[in-house]
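Worksheet: one structure, shown below.
The values are calculated or read from the model by the stated rules, or taken from the named source; none is laboratory data. Computed from a predicted structure; not experimentally measured. Note: ideal-geometry Cβ built from the backbone for every residue, glycine included; neighbour counts use all protein chains shown. The area values use the complete protein model at the heavy-atom level, side chains included, leaving out ligands, DNA and RNA. Shrake-Rupley method; radii C 1.70, N 1.55, O 1.52, S 1.80 Å.
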Amino acid sequence: MSAIRHPSFGEIAEDRVIIFDTTLRDGEQSPGFSMNLSEKLRLAEALAELGVDVIEAGFPIASPGDFESVHAIATKFKSSDGPVIAGLARSGRDDILRAAEAVRPAGRSRIHSFLSTSPLHMKYKLRMEPDAVLEAVSSSVTLARRFTDDVEWSAEDGSRTEPDFLCRCVEAAINAGATTINIPDTVGYALPEDVTRIFTMLRERVPGAEKVILSTHNHNDLGLAVANTIAAIRAGVRQVECTINGIGERAGNASLEEIVMALRTRHDAIPTTNHVVTENILRTSKLLSTITGFDVQPNKAIVGRNAFAHEAGIHQDGVLKHAGTYEIMTPESVGWTRSSLVMGKHSGRAAFRDKLKALGYDDVGDNQLNDAFRRFKELADRKKVVYDDDIVALVDDEVMRDRDHIRFVSLDVHAGSKAKPTATLEIEVDGVTRSATESGDGPVDATFRAIHALFPHESVLRLYSVGAVTEGTDAQARVTVRLEENGKLVDGQGADTDTIVASARAYLHALNKLLVKRTRTEPKALSA
Ligand code: KIV
Ligand code: ZN
């Protein structure tokens, strides 16, 4: 294999693996994982700090909201040393024009066009003959190249595509000007040896394959997404498509953190390089969990709560004698720190700002800093020990609320085994304070009724869940509320030492998200 010249990356060394993150597109597409504009911008920023090469920011034709967020992310990364911003498009003209317009402001932009190539998809989904598919591959890539030199083409359901036809499609895409060729295992059906066979075949049989970046995109339906990605790299692939925490359609996509740490830990067997700052992995994973309300399972590799915990005495003893006995990588290398004591209630604003910097929040605006600092002081008054995780939960909570129309002001609850639970809630709607007192079947019910009284709405509560940010009875509660309105689902989160306050914040967060959704038109029925 020799070095490749790429329009966005220039000369790419043979051993360099491009990390293409699709958390904001394939990840966001899965039920319950939708994000609003400010959340997407926040995550895009974290992905850039993590060092990913390409951010697939969305599917611009899907809805005005999708277009707006891809455009906003492209505008944020105007500089030519930022990540490449990609927009997804089917092969039709409207899709490609919309994607081109959305990514245009980026310093480095990519149009990612895709079309199904498997017999099953062509016959039942596209109702197209293979020749028409081939023609559409050429015309879509040719059109996309009018807007940017960086064009990726994907063969949807590529792993179930007839080999000769796959070679012809890839050749057509390369001839039309594609600079990256991606072969997705769309339904998570492939085994590692299938992936090896497909890429070896493309490299041997398709003229021009040596001049483009080959890319892999694996779904996790059989739990093989990361194994398939590693097999692809070993077969010469130099772009991997993946998501934080492995989120994505159905069982998800290959997880970025697992791929990157496999490459780093087993550099002996897979000698490659990439630009990911692994120490930022945990922070990015937690940010995604905070935004979406979905924590990873405790035993999730790399970022799960137990990933570096040693319960068995024999293991603990071994690790104390030499960490390498049971640890194949250090917890610090992916961002875990021994949960450290933060400043107490006497700490000042400057110390708080320094702490935020140390936790990776370099760019918290003054208003957010003031609000977060006020809440930190309140927290330090109520809680014996304030941990880094508490600060992260608190600041993420403030950052998420940056553009909210409805804001929490105060809550006073009376409850117990005798009294009828009542809640007096004060909120601000576009700067105007409203207050109401309601009673209910419990303090949470009374609080949610007060929200209804202050801001009448039709949405229905679909999920209410409570977790703890840290340990102990004085830990902050992290509450997730899911609301449904006209078939649209949104999740809101809130954190506070008082579970009822966290519940009110989570409910208001979800309502704010619904307000944003209401201003957008329905997404078209799409498949990707
Ligand atoms: O899984 C898939 O096939 C995709 C493509 C659109 C790349 O997500
Ligand atoms: Zn996919």
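Picking from residues in the range 387-405 that are at pLDDT 75 or above and open to solvent by 20 Å² or more (accessible area, probe 1.4 Å), the one that is nearest to residue 467 (Cα to Cα) is 389. Of all the listed residues (445, 430), the sole one being open to solvent by 40 Å² or more (accessible area, probe 1.4 Å), modelled with pLDDT of 90 or more and not assigned by TED's automatic domain parsing to the domain that holds residue 288 is 445. The numbered conditions (1) crowded, with 20+ Cβ neighbours inside 10 Å; (2) touching a residue at least 60 places away in the same chain (Cβ under 8 Å); (3) among the β-branched types (Val, Ile, Thr); (4) in contact with a strand residue (DSSP E or B) (Cβ under 6 Å, 6 or more places away or on another chain) are all true for residue 260 except (4).
Annotation note: of 34, 2, 80, the sole residue that is part of a loop (DSSP other than H, G, I, E, B) and not assigned by TED's automatic domain parsing to the domain that holds residue 271 is 2. Whether a residue is within 24 Å of residue 58 (Cβ to Cβ), within 14 Å of ligand 2 (Cβ to nearest atom) and free of Cβ contacts under 8 Å to residues at least 40 places away in the same chain was assessed, and residue 218 passes this test. For the range 14-40, filtered to residues that are among the hydrophobic types (A, V, I, L, M, F, W, C) and at pLDDT below 95, the residue that is surrounded by the fewest Cβ atoms within 10 Å (Cβ to Cβ) is 37.
Does residue 173 satisfy the condition of being in the same structural domain as residue 237 (by TED's automatic domain parsing), surrounded by fewer than 19 Cβ atoms within 10 Å (Cβ to Cβ) and either under 24 Å from residue 232 (Cβ atoms) or at pLDDT 95 or above (or both)? Here the answer is no, as residue 173 does not meet what is asked.
Among the numbered conditions (1) in a helix (DSSP H, G or I); (2) without any contact (Cβ under 8 Å) to a residue 40 or more places away in the chain, the only one that residue 47 does not meet is (2).
Of the listed requirements (1) in contact with a helix residue (DSSP H, G or I) (Cβ under 6 Å, 6 or more places away or on another chain); (2) farther than 28 Å from residue 47 by Cβ, residue 113 misses just one: (2). Could you say whether any residue in the range 24-31 is away from ligand 2 (no atom under 16 Å from the Cβ) and touching a helix residue (DSSP H, G or I) at 6+ places or on another chain (Cβ under 7 Å)? Taking every residue of the range 24-31 in turn, none turns out to be away from ligand 2 (no atom under 16 Å from the Cβ) and touching a helix residue (DSSP H, G or I) at 6+ places or on another chain (Cβ under 7 Å). Here residue 303 meets each of (1) over 20 Å from the mean Cα position of the chain (by Cα); (2) more than 16 Å from ligand 1 (Cβ to nearest atom); (3) of a type in the set (Val, Ile, Thr); (4) crowded, with 23+ Cβ neighbours inside 10 Å with one exception, condition (1).
Summed over the range 92-106, the residues that are closer than 17 Å to residue 179 by Cβ and not β-branched (Val, Ile, Thr) give a count of 3. Of the set (1) without any contact (Cβ under 8 Å) to a residue 40 or more places away in the chain; (2) open to solvent by less than 20 Å² (accessible area, probe 1.4 Å); (3) in a loop (DSSP other than H, G, I, E, B), all apply to residue 188 but (1). Going by what's in this entry, would residue 9 be described as of a type outside the set (D, E, K, R), open to solvent by 10 Å² or more (accessible area, probe 1.4 Å) and over 19 Å from residue 280 (Cβ atoms)? Against the criterion (of a type outside the set (D, E, K, R), open to solvent by 10 Å² or more (accessible area, probe 1.4 Å) and over 19 Å from residue 280 (Cβ atoms)), residue 9 qualifies. Within the range 224-248, the only residue that satisfies the criterion of being surrounded by fewer than 19 Cβ atoms within 10 Å (Cβ to Cβ) and assigned to a loop (DSSP other than H, G, I, E, B) is 236. Checking each residue in the range 67-91 for being more than 22 Å from residue 141 (Cα to Cα) and among the charged types (D, E, K, R) picks out 68, 76, 78, 81. When restricted to residues that are surrounded by fewer than 17 Cβ atoms within 10 Å (Cβ to Cβ) and among the small types (Gly, Ala, Ser), the range 362-386 contains 1. Among the residues of the range 471-500, those that are open to solvent by less than 20 Å² (accessible area, probe 1.4 Å) and either hydrophobic (A, V, I, L, M, F, W, C) or part of a loop (DSSP other than H, G, I, E, B) (or both) comprise 475, 476, 477, 479, 481, 483, 490, 495. Taking the range 249-267, which residues are more than 16 Å from ligand 1 (Cβ to nearest atom), under 17 Å from residue 43 (Cβ atoms) and outside any helix (DSSP H, G or I)? If the condition is that a residue be more than 16 Å from ligand 1 (Cβ to nearest atom), under 17 Å from residue 43 (Cβ atoms) and outside any helix (DSSP H, G or I), then no residue fits.
Given the condition within 14 Å of ligand 1 (Cβ to nearest atom), within 13 Å of the chain's Cα centre (by Cα) and β-branched (Val, Ile, Thr), answer yes or no: does some residue in the range 55-69 qualify? No. Per the listing 136, 106, 144, 102, the residue uniquely assigned to a loop (DSSP other than H, G, I, E, B) and open to solvent by less than 20 Å² (accessible area, probe 1.4 Å) is 106.
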